[in-house]
Amino acid sequence: MSLVGNTMYIGSNLGAIYIYSFDEQLGCLAYIETIENGHEKTVRSVRQTLGCIVTASKDSMCKIWEPSGTPSVIHTLSSTKEKDEICTMDYRNDKLVMGTGEGTLSLFRLKQTNT
């Protein structure tokens, strides 16, 4: 789960990502949309930043999404070993770290490109 500002992203055990927004007038979360088939297995981690959304899953994939409109995948990273589930992930200051069930720790430095 990731909450930044009024927007919340929640990963599901079915691989979907749910997006909610905090409605200040009603004082509750309002459903925005669901990203179906975000991953093939349980989404373990979601991080939201100003330029991207990063998700990690038990399907051994970490996906970087463009957050505008309906989010779309910009890039996909996979764990170094096949079928090694990603158990945890964090993203800060252009650095992405992934930890797997087999004890592998991967560090990536992400670079923003202008297209």
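Overview of results
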| read-out | value |
| --- | --- |
| Net +/- balance of residues flanking Arg109 in space, Cβ distance below 12 Å, scoring K and R +1, D and E -1 | +2 |
| Solvent-accessible area per residue, Å², over the chain with all protein chains present [probe radius 1.4 Å] | 63 Å² |
| Spatially proximal aspartates and glutamates relative to Lys58 (Cα-Cα < 20 Å; intrachain offsets below 8 disregarded) | Glu36, Glu40, Glu82, Asp84, Glu85, Asp90, Glu102 |
| J(HN,Hα) series, region 7-20, from Karplus relation 6.51 cos²θ - 1.76 cosθ + 1.60, nearest Hz, glycine and proline x | 10, 10, 10, 10, x, 10, 6, 9, x, 8, 10, 9, 10, 10 |
| Apportionment of accessible area to carbon and sulfur, the chain, percent (1.4 Å) | 48 percent |
| Answer label, with Cα Rg over 2.2 N^0.38 Å calculated from the coordinates and candidates [x] 1.06; [y] 1.23; [z] 0.99 | [x] |
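The values are calculated or read from the model by the stated rules, or taken from the named source; none is laboratory data. Note that this is a predicted model, so its numbers are computed, not measured. Glycine also receives a Cβ, built like all others from the backbone with ideal geometry; neighbour counts cover every protein chain displayed. Note: accessible area is taken over every heavy atom of the protein model, side chains too, but ligands, DNA and RNA are not part of it. Shrake-Rupley method; radii C 1.70, N 1.55, O 1.52, S 1.80 Å.
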